[in-house]
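One structure is given here, and the rest of the page talks about it.
The numbers here are math on the coordinates, done by the rules we state, and not lab data. Quick caveat: nothing in here was measured; it's all calculated off a predicted structure. Here the Cβ positions follow ideal geometry from the backbone for every residue, glycine too, while neighbour counts run over all protein chains shown.
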Amino acid sequence: MQLLYFAWLRLKIGVGEEQLEPPPEVATVTDLLDWLSEKGDGYAEALLDRSVVRVAVNQEYVGFDHPLSPEDEVALFPPVTGGCGGPG
Amino acid sequence: MQLLYFAWLRLKIGVGEEQLEPPPEVATVTDLLDWLSEKGDGYAEALLDRSVVRVAVNQEYVGFDHPLSPEDEVALFPPVTGGCGGPG
Amino acid sequence: MIRIQREDFDVGVELSALSRGQHNIGGIAAFVGVVREIGSDGAPGAMTLEHYPGMTERKLIEIEADALSRWPLDAVSIIHRYGRLEPGEQIVLVITASAHRTAALEACQFLIDWLKTKAPFWKFEETAGGGKWVDARSSDELATTRWLEMDGRGAG
Amino acid sequence: MIRIQREDFDVGVELSALSRGQHNIGGIAAFVGVVREIGSDGAPGAMTLEHYPGMTERKLIEIEADALSRWPLDAVSIIHRYGRLEPGEQIVLVITASAHRTAALEACQFLIDWLKTKAPFWKFEETAGGGKWVDARSSDELATTRWLEMDGRGAG
């Protein structure tokens, strides 16, 4: 499974991209977040408040109940802030 | 009184601009249109359908009951069509 | 900044001029009106824009002030051409700049809507048979006031 | 036309490129997003835009298709920059062209609103004390997730 992290999730976890092989019982996004949180302090801190974590699977936004398969590209990131100029 | 005519009003009347001295009983825009209509065929034809005549006095849009004075600049024209591109 | 002119304009140059020296701009909205290559009768043709010199500038300054009172704008540019324009030529440019994206876009639309409906311009479209003055009103009224003529160029 | 790039763009050049060969355009609406010289904490600072390469392009192509299905557009251009941007630099350009003024303006606003709220970009603002990731949510939530760091440049 290809994992991608963006913005402060990337900085807390310490890498932008990694190839992982979660065990077969990791069947959904929630399972993946639980499993990653066990991997170390950076992961635990990054994934502590899941209300600020967003997920894309194969480049589509998905919910935490989305099923996963080993070939998926899974990206974790904060809510997008958009690219335009001012806040207005 | 300075008179200005635009678009097809100008073409029907035959001039774009003229200096006229209407008699003192010409007190409003309606009086002026009545008086002009007597001046010749071009004026009569141009002012026949007053629902398509618009008026500005001293460069402000006014109604037909607007009072006039000898020093006024009075412009007669069809409804404005705006300057932008397509009709949408 | 208001300009009523016969000459064409360069959108890139005007955008740079507007944003130069402005320090709080977050968004710039622009609208360019272009002479369509398919006229209202389906045939391509040039058009002539006639205007009321003096009043046009005066009304544009008023509407610019109105926009400035409604939205927090840092800068406004309006350039409107008159005279004869070929298909594909630029007619009008409105640029609005603001710290706030929505303000810039809304003000741009407001100014364009006003220019389209209230500015003292009259449009003569050339056609195969001569041409016609474009009427601002509904299409059935338009049919009654449509008027063909051979020499339709405005005095603009 | 969609481009995600680090380099700056020239609005005039892009406008010409878009309208070239188009025969039915009546109006062109454009929006340029600019890095404000006053950041959200009141101090001027550069920012870095990080994005999700691949997904950004994919989502932009989707939203362009969405706009084309909603409005009668002749052409759409979206250019979005990423990487480190100084105050006053251009970030994003959206151009929409249509026979119809209102269609061009509405589609432009639609695309900008989408880019602002849904496109996979994350913004890091540099401040005197280091910087912070800009949060998309309400200001009190923002306070809890604000996070200072010295090396905030995105990989984008």
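Working note: Karplus 6.51/-1.76/1.60 with θ = phi - 60° gives the stretch D:55-66 the couplings 5, 4, 4, 4, 5, 5, 5, 4, 6, 4, 5, 4 Hz, where Gly and Pro are set to x.
By the beta-carbon count within 10 Å of each Cβ, the least crowded to most crowded order of A:Arg10, C:Arg101, fewest first, is A:Arg10, C:Arg101. Averaged over peptide A:46-55, the number of partner chain Cβ atoms lying within 10 Å of each residue's Cβ comes to 1. The rotation axis bringing chain D onto chain C passes closest to the chain D residue reported with its distance as D:Gly12, 1, by C-beta distance in whole Å. Against the compact-protein benchmark of 2.2 N^0.38 Å, the Cα-based radius of gyration of the protein assembly as shown scales to 1.24.
Which FRET efficiency value, to the nearest 0.05, is calculated for A:Phe64 and C:His23 with the Förster distance at 25 angstrom and r the Cβ-Cβ distance? It would help to have the intermediate numbers written out before the result.
Numbers: r = 43 Å, r/R0 = 1.71.
Computed FRET efficiency for A:Phe64 and C:His23 comes out at 0.05.
Here the spin labels are modelled as points 7 Å beyond Cα on the Cα-Cβ line, and at B:Gln2 and C:Ala128 they lie 4.4 nm apart. For chain A, averaging the sequence separation of C-alpha pairs within contact (under 8 Å, six or more residues apart) and dividing by the residue count gives a relative contact order of 38 percent.
Ordering C:Glu7, C:Glu125 from the fewest to the most neighbouring beta carbons within 10 Å gives C:Glu7, C:Glu125. For the stretch C:106-130, backbone nitrogen atoms closer than 14 Å to the point 7 Å from C:Glu89 Cα along Cα-to-C-beta are found at C:123-126. Per-residue ellipticity at 222 nm computed for the protein assembly as shown from its helices equals -8500 deg cm²/dmol, with DSSP H segments shorter than 4 residues left out and the rest contributing -39,500 (n - 2.57).
Among B:Leu33, C:Leu49, sorting on how many other beta-carbon atoms sit within 10 Å of each Cβ, with the fewest leading, yields B:Leu33, C:Leu49.
Between the stretch C:54-88 and the stretch B:25-88, what is the separation of their alpha carbon centroids in Å? Centre-to-centre (Cα) distance: 24 Å. Placing pseudo-labels 7 Å out from each Cα toward the beta carbon at A:Asp49 and B:Glu73 gives an inter-label distance of 6.3 nm.
Hey, got the average number of other protein chain Cβ atoms within 10 angstrom for residues in A:10-21? It would help to have the intermediate numbers written out before the result.
Values: counts 5, 8, 2, 0, 0, 1, 4, 1, 0, 0, 0, 0.
Other-chain Cβ atoms within 10 Å of each residue's Cβ, averaged: 2.
Bridging of C:Lys118 to lysines at a Cα separation below 21 Å is possible for C:Lys59, C:Lys132, once same-chain residues fewer than 8 apart are set aside. Spread over its residues, the convex hull of the C-alpha atoms of chain B is 102 Å³ per residue.
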